[in-house]
Amino acid sequence: MASIALIESKPSRNDYVRLFDNEFEFDRFSLASDPTLSKVLMKDVDLEFNPDAYEWVILIGSEPLKYYTKVTQVMQYAGTIVDDKFLPTINPAMLTFKPEARKTWDDAKTNIIGYLSGTKKKAEINDEKFVGITTTEGTLDYIQRCIDSPLDYIGIDSETTGLYPRNGHILGISLCYQPDSGAYINADTIDDSVEEKLQELFDKKRMVFHNAKFDIPMFEYHFNVKIAQFEDTMLMHYMIDENPGTHGLKMLAMKYTEYGDYEKPMYTWMDEYRKQHNVLKNDFKWEWIPFEVMQTYAAIDACATFTIFEKFEGALKKGNPNLMRVYKTILLPACRFLMSIQDNGVPFDKERLVASQDLMLTEITEAVDKLQSHPGVAAFQVAEGKEFNPNSVLQLRKLLFDYVGLEPTGIKTDKGEHSTNAEVLDKLALQHEIPQLILDVRKKTKIKNTYLDKIIPQLDRDSHLRTNFNLHGTTSGRLSSSGKLNMQQLPRDNPIVKGCIRAPEGHKIVAMDLTTAEVYVAAVLADDLELQDVFRSGGNFHSTIAHKVFKLDCEVADVAEKYTTYRQAAKAVTFGIMYGAGANKISEQVTKDGGKLSVVQARQIIKEYFGAFWKLEEWIEAQKALIMKNGSIYSHFGRKRRLPDVKSDNKGVQGHAVRSGLNFLVQSAASDINLMGAVEAHAILKQKNMKSKIFALVHDSVLAEVPNDEVEEYSRILQTEIQRDRGIFISGAPVGCDFEIGEDYSMGKFSAKYGSILNL
């Protein structure tokens with residue numbers, strides 16, 4: 001019997017001996033013996049296996065990993081040791097349809113071979129090197145050791161009772177000034193003398209955080225300190241790998257350090273505590289963990305951050321200088337800026353929120369009644385002998401396709417059933433009124449449940465809501481939003497939520513939105529003078545495009561009225577071209593906008609469009625070739641988009657990757673123009689001691705709460721900084737900035753629709 005076992009979900013033809021370089025022999029097993037299963041469920045497992053009979057057990061794929069370790073994230077744990085014995089990795093069959101996973105497989109394979117051969121050692125954590133400090137004297141001594149360190153950087157972390165400074169406090173801080181050692185300091189030891197010593201440390205050293213945007217506000221809010229010099233290993237890793245979901249400290253520590261799954265003992269303690277005290281996972285409080293249980297894990301957090309920083313800084317210095325430049329000149333200043341705007345908070349009118357909540361409940365009731373009284377639904381209820389539930393997918397599918405007899409769209413679920421998602425219902429609404437009634441119920445229910453109901457209890461005493469804006473959540477560099485409220489996903493077709501974002505008395509909401517920014521970027525990068533002239537003309541952009549492309553026999557101002565379809569087509573091509581939209585998509589978009597354009601006509605229009613803007617077409621084709629050749633592309637400001645899928649044998653997958661690269665080039669640059677402008681405007685506002693507060697960046701918009709007497713100056717400052725020449729600039733036509741000023745974020749639409757009803 002070999003000393004190594006290998007377990008996969010079900011029998012396969014994979015040659016694992018060859019895949020692991022013919023260096024090892026395995027005893028091979030399958031969780032389920034039936035090779036025809038599409039997915040192995042617990043009930044399918046028929047393997048009798050004793051892990052203790054083997055020194056090592058390789059787990060192939062997520063199902064064996066979950067079965068033996070209760071761990072679910074195989075991508076995260078690939079190539080690491082779990083429970084001192086198990087070596088998980090992804091299923092190599094995944095590489096045929098997901099080539100971007102190749103690096104995960106290769107790295108995991110290297111690590112597993114290292115462990116099996118003995119060249120890579122298990123993590124051995126010496127508790128003596130990771131100490132807990134419970135006295136003020138000990139705290140002062142350790143901070144002084146950090147100050148005296150010959151290195152100019154210190155690893156640092158915090159443990160807290162909440163995710164926001166106002167909603168929790170610091171339990172302890174972790175420090176690391178040399179490899180493989182660290183300390184966890186009880187926050188109860190921190191008095192005025194410690195705060196002074198911490199400030200000395202912060203003044204003399206670069207403080208290395210993992211997610212500085214979380215930790216720094218905690219330190220500055222709860223202690224009398226300011227942190228000017230900082231690094232962020234999460235943002236560094238974002239430069240190394242921009243894909244979302246890969247930036248957590250735990251995952252990076254497992255990948256780049258020898259500490260392994262160092263959190264496991266603490267989480268084991270938590271699980272046992274919850275069982276003993278009958279506490280649900282979401283109800284568990286961090287402060288219940290005893291200091292002696294927490295100290296090793298917390299100290300290693302700082303040490304792991306310290307170790308990762310050394311590796312990442314070296315990698316960025318050796319790599320393409322663009323990446324270090326983006327990190328230093330864009331991400332770090334933006335990180336500090338986002339701390340400020342998050343602290344400013346989104347201003348809500350609580351009275352309006354409560355009134356809107358009641359109103360939406362009434363509208364939901366009315367929408368449900370209207371739906372259920374429809375003759376088609378009423379007939380369904382009689383036939384089925386029960387009330388129709390619009391939230392039941394099975395009932396909905398039966399109603400639409402069996403009873404009403406609508407033609408399915410062809411869009412299927414993962415299980416092969418006819419889909420009834422929002423996209424499908426939008427299309428079916430063209431055939432029948434019931435899908436539209438269902439959409440109305442869903443939209444109103446979502447507004448109430450997802451937004452209004454959740455916002456109210458999360459407001460701070462000043463009626464502001466503090467949520468998160470993230471620099472690392474997208475591949476393009478655009479900000480994402482998470483936490484208490486996702487500001488990027490506010491309802492667009494109903495002003496009720498935006499209308500509740502309302503300026504306090506004596507203030508206005510000022511919203512600046514970039515106009516046709518991505519096309520502007522493309523015009524500059526392609527050096528297309530004809531397209532640049534459209535921006536210089538200053539007239540209606542899409543009308544001007546249509547007039548130029550189709551050589552229309554009227555004034556530009558009359559295009560919208562006389563040649564509506566041409567204008568719609570020009571608009572669809574302009575916005576769709578960087579996303580790889582073809583004739584079918586253009587035709588569909590024009591139809592959606594209320595026009596009529598066949599696929600044949602759309603094909604001809606695209607040809608005429610590129611006839612007018614031939615340099616744009618040349619540039620697009622050149623970028624496509626570059627993406628295909630390199631499997632990656634750099635933006636104007638130096639961001640990198642890695643696109644391994646361009647090497648896929650699947651033409652659909654390959655094409656999507658190429659389109660993603662093109663989209664990245666323009667979207668990333670436009671986003672950075674907006675971000676850098678907002679960061680610099682914010683700095684000027686502080687320098688001038690103005691009271692205007694930027695509180696959100698939403699897509700290509702900058703939102704601010706501005707005193708009435710500062711509206712003009714604030715708008716001027718922001719526009720100047722947004723339109724500053726940063727290498728993407730058309731002489732005589734800086735990027736467009738549209739300003740809207742109102743009492744609330746809906747800019748009057750809330751009052752127009754609901755004002756008379758709510759009497760607010």
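Among the residues of segment 362-380, those identified as surrounded by fewer than 15 Cβ atoms within 10 Å (Cβ to Cβ) and free of Cβ contacts under 8 Å to residues at least 24 places away in the same chain are 362, 365, 366, 369, 373, 375, 378. Against the conditions (1) in contact with a Leu (Cβ under 8 Å, 6 or more places away or on another chain); (2) closer than 30 Å to residue 463 by Cβ; (3) surrounded by fewer than 17 Cβ atoms within 10 Å (Cβ to Cβ); (4) polar (S, T, N, Q), residue 431 satisfies every one except (2).
Conditions tested, residue by residue: (1) more than 22 Å from residue 256 (Cβ to Cβ); (2) touching a Lys or Arg at 6+ places or on another chain (Cβ under 7 Å); (3) outside the structural domain of residue 267 (by TED's automatic domain parsing).
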position: 65; (1), (2), (3): no, no, yes
position: 71; (1), (2), (3): no, no, yes
position: 76; (1), (2), (3): no, no, yes
position: 81; (1), (2), (3): no, yes, yes
position: 91; (1), (2), (3): yes, no, yes
position: 96; (1), (2), (3): yes, no, yes
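The condition (being surrounded by 16 or more Cβ atoms within 10 Å (Cβ to Cβ) and modelled with pLDDT under 90) is satisfied by just one residue among 54, 77: 77.
Residues of segment 50-60 include none that is touching a residue at least 24 places away in the same chain (Cβ under 8 Å) and in contact with a Gly (Cβ under 8 Å, 6 or more places away or on another chain). Within the option set 730, 717, being assigned to a loop (DSSP other than H, G, I, E, B) and at pLDDT 95 or above holds for one residue only, 730. When residues in segment 381-432 are screened for being of a type in the set (Gly, Ala, Ser) and part of a helix (DSSP H, G or I), 2 of them pass.
Which residue pairs have Cβ atoms closer than 9 Å, lie 6 or more positions apart in sequence or on different chains, and pair a first residue in segment 291-314 that is under 13 Å from residue 262 (Cβ atoms) with a second residue that is part of a helix (DSSP H, G or I) and acidic (Asp, Glu)? Once the first residue is under 13 Å from residue 262 (Cβ atoms) and sits in segment 291-314, its partners that are part of a helix (DSSP H, G or I) and acidic (Asp, Glu) give 295/127; 296/127.
Would you say residue 676 is at pLDDT 95 or above, of a type outside the set (Ser, Thr, Tyr), on the phi > 0 side of the Ramachandran plot and surrounded by fewer than 21 Cβ atoms within 10 Å (Cβ to Cβ)? No.
Of all residues in segment 479-519 being under 21 Å from residue 679 (Cβ atoms) and touching a Pro at 6+ places or on another chain (Cβ under 9 Å), which is surrounded by the fewest Cβ atoms within 10 Å (Cβ to Cβ)?
Of everything passing the filter in segment 479-519, 480 is surrounded by the fewest Cβ atoms within 10 Å (Cβ to Cβ).
Scanning segment 98-148 for residues that are assigned to a loop (DSSP other than H, G, I, E, B) and either surrounded by fewer than 13 Cβ atoms within 10 Å (Cβ to Cβ) or among the polar types (S, T, N, Q) (or both) yields a total of 8.
For segment 147-170, the candidate set comprises residues that are charged (D, E, K, R) and touching a Ser or Thr at 6+ places or on another chain (Cβ under 8 Å); within that set, the residue that is nearest to residue 303 (Cα to Cα) is 157.
Checked against (1) surrounded by fewer than 16 Cβ atoms within 10 Å (Cβ to Cβ); (2) assigned to a helix (DSSP H, G or I); (3) modelled with pLDDT of 90 or more, residue 279 passes all but a single condition, namely (2). Of the helices (runs of 4 or more DSSP H) lying entirely inside segment 508-594, those containing at least 3 residues that are touching a helix residue (DSSP H, G or I) at 6+ places or on another chain (Cβ under 7 Å) and among the aliphatic types (A, V, I, L, M) are 517-525, 541-550, 564-576, 583-592. Taking segment 76-97, which residues are in contact (Cβ under 8 Å) with a residue 60 or more places away in the chain, touching a Gly at 6+ places or on another chain (Cβ under 9 Å) and part of a helix (DSSP H, G or I)? Residues satisfying the conditions are 76, 93.
The values are calculated or read from the model by the stated rules, or taken from the named source; none is laboratory data. Owing to the predicted nature of the structure, the values given are computational and were not obtained by experimental measurement. Cβ: placed from backbone, ideal geometry, glycine included. Neighbour counts: every protein chain shown.
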